[in-house]
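Note sheet for the following structure.
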Amino acid sequence: MGSGPEKQLKIGILGCGAIAQAGHFESVTKARNTTLHAICDVAEDLLQRFSVTYGAAKTYTEYEQMLADPDIDAVIIATADAFHVPATLDALAAGKHVLCEKPLGVGLDEVEGLRDAVRASGCKLQVGHMKRFDPGIESARSFIEDEMGQMLAFKGWYCDSTHRYPMTDAVQPLIIKSAAARKPARDPKQDLQQYYMLAHGCHLVDTARFLCGDLVEVQARHLQRFGAYSWFVDVAFANGALGHLDLTVAVRMDWHEGFQLYGEHGSVVAKTFNPWLFRSSEVDIFRESTGGTSRVLGADAHVFRRQLESFADAILNDTPIAGADVEDGVASVRAMLAIAESARTGQAVRLADTSGAI
């Protein structure tokens, strides 16, 4: 690990796809405590372009070779979902810490096996639930923990928009594709119901868990019409609070994401923006004691960079993961499985009873 004004974690990134190009490359180079040491991808044209652009010291076309590099402290897994668990297991076996993109995996058995591997490895694993590092959402979490008292009810929604691609095309860097890129054996978008739950449902579930704690039971309804998919999910939290989750893709309106939370000493109302705007959620916290509402500005809302800095801090200072850890990753997969099963059967499903793959 490097030294200087501040210790630097040397990072290797696996994958040069869209999530790396739009989020991770920039985060590693902007973070106060990380250095981009290496990039690995089978597509040599992408390797050449992004190693030059972001100043990676080394490039690899073979993952095993990158993992054998003794200078690398940690890897970012920025691949398709199907590759997350195998790539993370290889990294742990090589003694590397891991920041793995969400969702942690696509099946309960594989993520529980990964949890065991993390425990045995002595390495740290953080799951890329970057919304935990949204300053507005952080302010809500602080209010809940320090001031709100008992929780009554939570309503959360994540509604992707038919207009999201014009929006993201306007603000993201141009995403470069390669014919040589490695793809999963099965196109993830072949089953859109599964794809939307994994890609978007994991955000909704993790935000609910981050703010309200563990989910114990869900009852879900699912409807598909005119190419849109909608899940309405009634939720029971371990703390006794009631919850309702709305996952809809895609709404015929602007991006629609946020939550409402009702507590003993106040309430929270939040509006969250398309993540590629790097804009803090507008979170209004009402305190019953003062009859007033407050909102943090959240000027620094580069959630990908902020999550990486937190990950690096945990490794450099040997402290617990402050973001989503492997237990959170497993819990998210378990919740999505329960929602899918409930939507299919029409029955309430306890998370403790779930199994299989999403």
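List pairs: first residue in segment 87-104 and within 18 Å of GLU309 (Cβ to Cβ), second residue polar (S, T, N, Q) and in a helix (DSSP H, G or I) anywhere in the structure, Cβ distance under 6 angstrom, at least six positions apart or on different chains.
Correct list of pairs: VAL98/THR88; CYS100/THR88.
Considering LEU297, LEU245, LEU277, which residue is more than 29 Å from GLN224 (Cβ to Cβ) and not basic (Lys, Arg)?
Going through LEU297, LEU245, LEU277 in turn, just one is more than 29 Å from GLN224 (Cβ to Cβ) and not basic (Lys, Arg): LEU297.
Hey, could you check segment 30-55 for residues that are over 15 Å from ALA74 (Cβ atoms) and either in contact with a Leu (Cβ under 8 Å, 6 or more places away or on another chain) or aromatic (Phe, Trp, Tyr) (or both) and say which is surrounded by the most Cβ atoms within 10 Å (Cβ to Cβ)? Working first, answer last.
Taking segment 30-55 and keeping what is over 15 Å from ALA74 (Cβ atoms), we get 30, 32, 41-55.
Filter once more, so that each one left must be either in contact with a Leu (Cβ under 8 Å, 6 or more places away or on another chain) or aromatic (Phe, Trp, Tyr) (or both): 41, 50, 54-55.
Working: ASP41: 27, PHE50: 21, TYR54: 17, GLY55: 12.
That would be ASP41.
When you go through (1) crowded, with 22+ Cβ neighbours inside 10 Å; (2) in contact with a Pro (Cβ under 8 Å, 6 or more places away or on another chain) one by one for CYS100, which number turns out not to apply?
Evaluating CYS100 over (1) crowded, with 22+ Cβ neighbours inside 10 Å; (2) in contact with a Pro (Cβ under 8 Å, 6 or more places away or on another chain) leaves (2) as the failure.
Need at least 1 residues that are basic (Lys, Arg) per element, so show me which strands (runs of 3 or more DSSP E) inside segment 175-255 make the cut, counting only ones lying wholly within it.
By residue number, 215-225.
Does TYR229 count as crowded, with 16+ Cβ neighbours inside 10 Å and closer than 30 Å to LEU47 by Cα?
Working: crowded, with 16+ Cβ neighbours inside 10 Å: yes; closer than 30 Å to LEU47 by Cα: no.
No: the conditions fail for TYR229.
Checking the condition buried (at least 21 other Cβ atoms within 10 Å of the Cβ) and under 18 Å from ARG115 (Cβ atoms), which residue from SER355, SER332, SER342 passes?
Residue meeting the stated conditions: SER332.
So which of SER355, SER267 ends up being at pLDDT below 95 and over 26 Å from HIS24 (Cα atoms)?
Only one candidate qualifies: SER355.
Pick out the one residue from ARG306, ARG334 that is touching a residue at least 40 places away in the same chain (Cβ under 8 Å), touching a Phe, Trp or Tyr at 6+ places or on another chain (Cβ under 7 Å) and of a type outside the set (S, T, N, Q).
Step by step, each of ARG306, ARG334 is checked, and only ARG306 is touching a residue at least 40 places away in the same chain (Cβ under 8 Å), touching a Phe, Trp or Tyr at 6+ places or on another chain (Cβ under 7 Å) and of a type outside the set (S, T, N, Q).
Residue by residue through segment 118-134, note down the ones that are in a helix (DSSP H, G or I) and crowded, with 18+ Cβ neighbours inside 10 Å.
The answer is VAL118, SER121, MET130, LYS131, ARG132, PHE133.
Got at least one residue in segment 214-223 being touching a residue at least 40 places away in the same chain (Cβ under 8 Å) and either farther than 23 Å from VAL349 by Cα or within 20 Å of the chain's Cα centre (by Cα) (or both)? Can you show your working first?
First, the residues of segment 214-223 that are touching a residue at least 40 places away in the same chain (Cβ under 8 Å): 214-222.
Checking the rest, the ones that are also either farther than 23 Å from VAL349 by Cα or within 20 Å of the chain's Cα centre (by Cα) (or both) come to 214-215.
The answer is yes; a qualifying residue exists.
Against the condition touching a Leu at 6+ places or on another chain (Cβ under 8 Å), of a type outside the set (A, V, I, L, M) and over 30 Å from ARG186 (Cα atoms), how does LYS58 come out, does it pass?
So LYS58 fails the test.
Out of the residues in segment 183-207 that are closer than 21 Å to TRP255 by Cβ and more than 15 Å from the chain's Cα centre (by Cα), state the one that is surrounded by the fewest Cβ atoms within 10 Å (Cβ to Cβ).
LYS189
Pairs only if they're at least six apart or on different chains, beta carbon under 6 angstrom, first in segment 174-192 and in the same structural domain as TRP276 (by TED's automatic domain parsing) and under 28 Å from ILE358 (Cα atoms), second surrounded by 12 or more Cβ atoms within 10 Å (Cβ to Cβ) and β-branched (Val, Ile, Thr); list them, first residue then second.
Matching pairs, first to second residue: ARG182/VAL42.
The values are calculated or read from the model by the stated rules, or taken from the named source; none is laboratory data. What you are looking at is a predicted structure, and each value in this text was computed from that prediction instead of being measured. Neighbour counts run over all protein chains shown; Cβ positions are idealised from the backbone, glycine included.
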